[in-house]
Amino acid sequence: MRVLYLVSSTFRVEQGSLTGESEAVNKTSHKVCSEDTDIQGKECMVFAGTTVVNGSCVCLVTQIGMNTEIGKIHSQIHEASQNEEDTPLKKKLNEFGEVLTALIGVICALVWLINVKYFLTWEYVDGWPRNFKFSFEKCTYYFEIAVALAVAAIPEGLPAVITTCLALGTRKMAAKNALVRKLPSVETLGCTTVICSDKTGTLTTNQMSVAKLVAIGRWTDSLRSFKVDGTTYDPNDGKIHDWTAGRLDENLQMIAMISAVCNDSSITRSGHHYVSTGGPTEAALKVLVEKMGIPAVVDASATVSTDILRCCEWWKGVAPRIATLEFDRTRKSMGVIVRSKAGSNTLLVKGAVENLLERSRFIQLLDGSVVRLDEHSKRLILEALHEMSLMHCVVLVLHTRTILQN
């Protein structure tokens, strides 16, 4: 579909199922000049099979069915399945068969020629061979010997031995939870030296989870760290270590509020699995909020609900969203404006640590007090960022600002 114009300020699409990209991409209405642009470069096109993460737009359908990009991929896969190439084992067997046939033929011809004197005799007269005598019976006898030798040299048991070896390989792979549909695949895998595979959704589940929560301590030179268990979107999968349920200080309450409200994802239950709609990073933050819980001062009946994200819904009620500034690759952040019960407006932001840290001037301590962000505190935060980056983690920072009204 061709994007005609955007309704929201930004429009992002998750097209990992088509291109393998791990992050959602921004779409615009700007025309792409080059006709040879790849799928990733077509920023003005929305493809079938992809998912809208946030934003809205008006599009014009240009292709349907097998003419779409995902339809073309399906056609290519179908054509490739029709043209199966020989496996390395089959190629080797074909080469072995050709060499064996030539070798057996040469040996049989030599055996027959060595015994030619027994069925073909002659006499030398004046130095020239004369009086030739040929015995057809002896000729056929020695020919039968040559043929018997050829039959004996052919390895009739080779196909059975190869099938048995492949079946044993299949059995070993089945013991390691690998299902083999075709026996030659076992041998092909054994000859493989390099495997190139798409990571997101193939080697990984395309799901993210919060592994560590870092917050400011009682003083500006101290950080608190909490290890978070769980790898799925199930709020009951894992827990937060060294965590007392309900005892959320002012700083942790602000973290929970930003994670729940500055978020456009949702989680639903499908059978025994939990699936997310929207970005996997935002879904992981909502699961974190559920594991954090709500302040103990809140009446428990206020959160009695069958909704999976009960705590997130409670925070949304505490700070209703009135405006959204969608994620932008330039700012590397997403922001929302919420209205508190006192009537004041507050900007809640989440995004890349480096960008938000440059724009921040104050930090909130454990007791909720706000103090100036000095160089020592900034260095301490960057050290924590470097430590988590070495663990191959995606690190986000949460930011808030009160909006003064005229």
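The values are calculated or read from the model by the stated rules, or taken from the named source; none is laboratory data. Please read these numbers as outputs of a predicted model, since none were measured by experiment. Reconstructed Cβ throughout: ideal geometry from the backbone, glycine too, with neighbour counts over all protein chains shown.
Among the residues of the range 1-18, those that are surrounded by 15 or more Cβ atoms within 10 Å (Cβ to Cβ) and more than 15 Å from Leu60 (Cα to Cα) comprise Thr10, Phe11, Arg12, Val13, Glu14, Gln15, Gly16, Ser17, Leu18.
Residues in the range 86-111 that are more than 30 Å from Cys139 (Cα to Cα), in contact with a helix residue (DSSP H, G or I) (Cβ under 9 Å, 6 or more places away or on another chain) and either at pLDDT below 85 or surrounded by 14 or more Cβ atoms within 10 Å (Cβ to Cβ) (or both): Asp86, Thr87, Pro88, Leu89, Lys90, Leu93. Exactly one residue among Glu354, Glu326, Glu387 is among the acidic types (Asp, Glu) and either in contact with a Cys (Cβ under 6 Å, 6 or more places away or on another chain) or modelled with pLDDT of 85 or more (or both), and that residue is Glu387. When Ser377 is tested against the conditions (1) under 29 Å from Ser340 (Cα atoms); (2) surrounded by fewer than 14 Cβ atoms within 10 Å (Cβ to Cβ); (3) touching a residue at least 12 places away in the same chain (Cβ under 8 Å), the lone failure is (2). Checking each residue in the range 365-406 for being assigned to a helix (DSSP H, G or I) and in contact with a Leu (Cβ under 7 Å, 6 or more places away or on another chain) picks out Lys378, Leu380, Ile381, Ala384. All of (1) surrounded by fewer than 11 Cβ atoms within 10 Å (Cβ to Cβ); (2) more than 25 Å from Glu85 (Cα to Cα) hold for Val194 with one exception: (2).
Table: residues versus (1) outside any helix (DSSP H, G or I); (2) closer than 25 Å to Arg12 by Cα; (3) out of contact with any helix residue (DSSP H, G or I) (no Cβ under 7 Å at 6 or more places or on another chain).
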site: Glu313; (1), (2), (3): no, yes, yes
site: Val349; (1), (2), (3): yes, yes, no
site: Leu356; (1), (2), (3): no, yes, yes
site: Ile363; (1), (2), (3): yes, no, no
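When Gly279, Gly271 are checked against the criterion of being in the same structural domain as Val349 (by TED's automatic domain parsing), crowded, with 21+ Cβ neighbours inside 10 Å and within 29 Å of the chain's Cα centre (by Cα), Gly279 stands alone in meeting it. Filtered by the rule that a residue be hydroxyl-bearing (Ser, Thr, Tyr) and surrounded by 12 or more Cβ atoms within 10 Å (Cβ to Cβ), the range 322-367 gives Thr324, Ser333, Ser340, Ser344, Thr346, Ser360. One residue stands out in the range 37-65 among those that are in contact with a Ser or Thr (Cβ under 6 Å, 6 or more places away or on another chain) and farther than 15 Å from Tyr5 by Cα: the one that is surrounded by the most Cβ atoms within 10 Å (Cβ to Cβ), namely Ala48.
Residues that are within 55 Å of the chain's Cα centre (by Cα) and within 30 Å of Thr19 (Cβ to Cβ): find the helices (runs of 4 or more DSSP H) completely inside the range 106-218 holding 2 or more of those. Write out each step before concluding.
On the way: elements: 136-153, 158-175, 184-190.
Where helices (runs of 4 or more DSSP H) fall fully within the range 106-218 and carry at least 2 residues being within 55 Å of the chain's Cα centre (by Cα) and within 30 Å of Thr19 (Cβ to Cβ), they are 184-190.
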